[in-house]
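Worksheet: one structure, shown below.
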Amino acid sequence: MFQKSKIYKYIAFSLFLSLLFGTLIYSQLSNRHKAIVKTYFFHTTGILNSDWLVYNHANIYEMESPTFLIDGIYKSMEGPKASRYIQLNQKNELLWITGFEIKALDVETQEELSNDFICHMNVDINDAVYYENFGLKNRIGKQYPRLTSLSHGLEKFDFPKGYAVPVHGNDFLYVTTQTLNHNISKINKKVKHKVAISYEDGAKKMKPLLSKTAFIQLPFDEFNPNKQPLDHGSDQCIPVETKNHTYTDASGQKLSGHWKIPLGKMTYKSSINEHLALEKPMRLHFAAPHVHPFTTSIGIYDKTDGKMIVTCAVQNHKKTIGLDKIEVFSSSIGVWLFPNHDYEMVLTCNNTSKEAQDMMGSMFLFFYDAELDAKIN
């Protein structure tokens, strides 16, 4: 009996130490990583519903995310999130994706909430399978396989009439949806995201679009990332962190795609030639920006011709942090980009808050794909 008592004490003491150690580690995590831990715990224990609900209607694929708990401030890229693979159907048949939409729902009332609870919704493809199905193996691995993204301020878009992204019904698409809360510090709200993907039957005559992702990436001091003041006349930035959204250019310079902006008006720009990777002239028909609050515009500048070829205005909330609307570029006529031209992405912002804020600037660019058109039609 005495031995059993000692064993129980050792077990209890070990559990106490484990709990203490876990609490200490958790307290040192970033807000983003705390959200990951909490969401995993709530979903695996069943405290929050972890199921995805799927409603596949004719020409529209709809699903509701697992339940997320919004229990404090979550800036861009910090909130609870979830991911899953989907198939528009399970048939090896051609379909045309024509648009995307995301809404935030109150779990208790099922009423639609404001876009202030939507950070983003990403859609990735398996480019190896995708391009092999279309007989374009030479494209595999050429670019990060993100098809597109919806985000705070741009919760819905449709491609120009007659244009769409071709997929096969049984292609796997990887969907990630993440929550947001810039303004309400005292909150305990259960939220879901409702995602919709619109598509047409493959028999319909459409022009295929090729997606390319371009984004701003700025140099920073690898050995002293938080160095201030920044060098005058340089494009240097202070990265939000160095573990994610960090890249290296051909010269070995570290670059960040997620940086801090100071108070006031600023303009940021960087080359996107490598992202475009144009081997021949291509016609741009649609561009969906992804930016963070305090952005006022984002676009593409042709340095060779000395002019902006795409500019998307951004409207911010007037009294709180957030975005009312991000304009898209949409044109059935299109605009030509050329491999011998030099292109930059340019972002303007005006930080009207009282502290530094985080920033990202990217655009999902959709070009008419003549090569794929020839194979399909």
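Can you find a residue in segment 116-135 that is surrounded by fewer than 17 Cβ atoms within 10 Å (Cβ to Cβ), among the β-branched types (V, I, T), more than 28 Å from I326 (Cβ to Cβ) and assigned by TED's automatic domain parsing to the domain that holds N188? Checked against the condition, which is being surrounded by fewer than 17 Cβ atoms within 10 Å (Cβ to Cβ), among the β-branched types (V, I, T), more than 28 Å from I326 (Cβ to Cβ) and assigned by TED's automatic domain parsing to the domain that holds N188, segment 116-135 yields at least one hit.
Of everything in segment 53-77, what is under 18 Å from C119 (Cβ atoms) and part of a loop (DSSP other than H, G, I, E, B)? Give them in sequence order. Result: S65, P66, T67, D71, G72, I73, K75, S76, M77. Taking residues in segment 261-284 that are under 13 Å from Y301 (Cβ atoms) and not assigned by TED's automatic domain parsing to the domain that holds I333, and partners anywhere that are surrounded by fewer than 15 Cβ atoms within 10 Å (Cβ to Cβ) and modelled with pLDDT of 95 or more, not one pair has Cβ atoms closer than 6 Å while being at least 6 places apart or on different chains.
Total residues in segment 230-286 satisfying the condition of being assigned to a strand (DSSP E or B) and more than 23 Å from K307 (Cβ to Cβ): the figure is 12.
Among the residues making up segment 69-87, those that are of a type outside the set (G, A, S), at pLDDT 95 or above and closer than 20 Å to D124 by Cβ are P80, K81, R84, Y85, I86, Q87. Looking across segment 176-188 at every residue that is surrounded by fewer than 23 Cβ atoms within 10 Å (Cβ to Cβ) and among the hydrophobic types (A, V, I, L, M, F, W, C), the one that is farthest from D106 (Cα to Cα) is identified as I184. Do we have any residue at all in segment 203-226 that's among the hydroxyl-bearing types (S, T, Y), in contact with a Cys (Cβ under 7 Å, 6 or more places away or on another chain) and closer than 17 Å to E344 by Cβ? No, segment 203-226 has no match at all. If the condition is being assigned to a strand (DSSP E or B), out of contact with any Asp or Glu (no Cβ under 6 Å at 6 or more places or on another chain) and touching a residue at least 60 places away in the same chain (Cβ under 8 Å), then segment 300-342 contributes I300, V314, L323, D324, K325, I326, S330, S331, S332, L337. In segment 301-315, the condition of being outside the structural domain of S30 (by TED's automatic domain parsing), hydroxyl-bearing (S, T, Y) and touching a Gly at 6+ places or on another chain (Cβ under 7 Å) is met by at least one residue.
Determine whether segment 181-198 contains at least one residue that is under 27 Å from E279 (Cβ atoms), touching a residue at least 12 places away in the same chain (Cβ under 8 Å), out of contact with any Asp or Glu (no Cβ under 6 Å at 6 or more places or on another chain) and not in a strand (DSSP E or B). Within segment 181-198 (the criterion being under 27 Å from E279 (Cβ atoms), touching a residue at least 12 places away in the same chain (Cβ under 8 Å), out of contact with any Asp or Glu (no Cβ under 6 Å at 6 or more places or on another chain) and not in a strand (DSSP E or B)), the answer is no, since none of the residues qualifies. Among the residues of segment 101-115, the ones that are more than 19 Å from D324 (Cβ to Cβ) and hydrophobic (A, V, I, L, M, F, W, C) come to 2 in all.
Taking the numbered list (1) buried (at least 16 other Cβ atoms within 10 Å of the Cβ); (2) farther than 20 Å from F68 by Cα; (3) hydrophobic (A, V, I, L, M, F, W, C); (4) touching a helix residue (DSSP H, G or I) at 6+ places or on another chain (Cβ under 9 Å) in turn, V191 passes all entries but (2). Scan segment 359-369 and give yes if some residue there is modelled with pLDDT of 95 or more and more than 18 Å from A288 (Cβ to Cβ), otherwise no. No, every residue in segment 359-369 fails to be modelled with pLDDT of 95 or more and more than 18 Å from A288 (Cβ to Cβ). Just one residue in the set W336, W259 is farther than 30 Å from W96 by Cα and modelled with pLDDT of 95 or more; that residue is W259.
Check L372 against each of (1) under 24 Å from N122 (Cβ atoms); (2) in contact with a Pro (Cβ under 7 Å, 6 or more places away or on another chain); (3) assigned to a strand (DSSP E or B) and name the one condition it does not meet. Of everything listed in (1) under 24 Å from N122 (Cβ atoms); (2) in contact with a Pro (Cβ under 7 Å, 6 or more places away or on another chain); (3) assigned to a strand (DSSP E or B), L372 misses just condition (3).
The residue that is modelled with the lowest pLDDT, among those in segment 55-66 that are surrounded by 12 or more Cβ atoms within 10 Å (Cβ to Cβ) and out of contact with any Ser or Thr (no Cβ under 9 Å at 6 or more places or on another chain), is N56. Residues that are surrounded by 13 or more Cβ atoms within 10 Å (Cβ to Cβ) and out of contact with any helix residue (DSSP H, G or I) (no Cβ under 6 Å at 6 or more places or on another chain) were ranked within segment 101-113; the one that is nearest to N181 (Cα to Cα) is L113.
The values are calculated or read from the model by the stated rules, or taken from the named source; none is laboratory data. Everything numeric in this text was worked out from a predicted model, so none of it was measured. Heads up, the Cβs are rebuilt from the backbone with ideal geometry, glycines too, and the neighbour counts pull from every protein chain shown.
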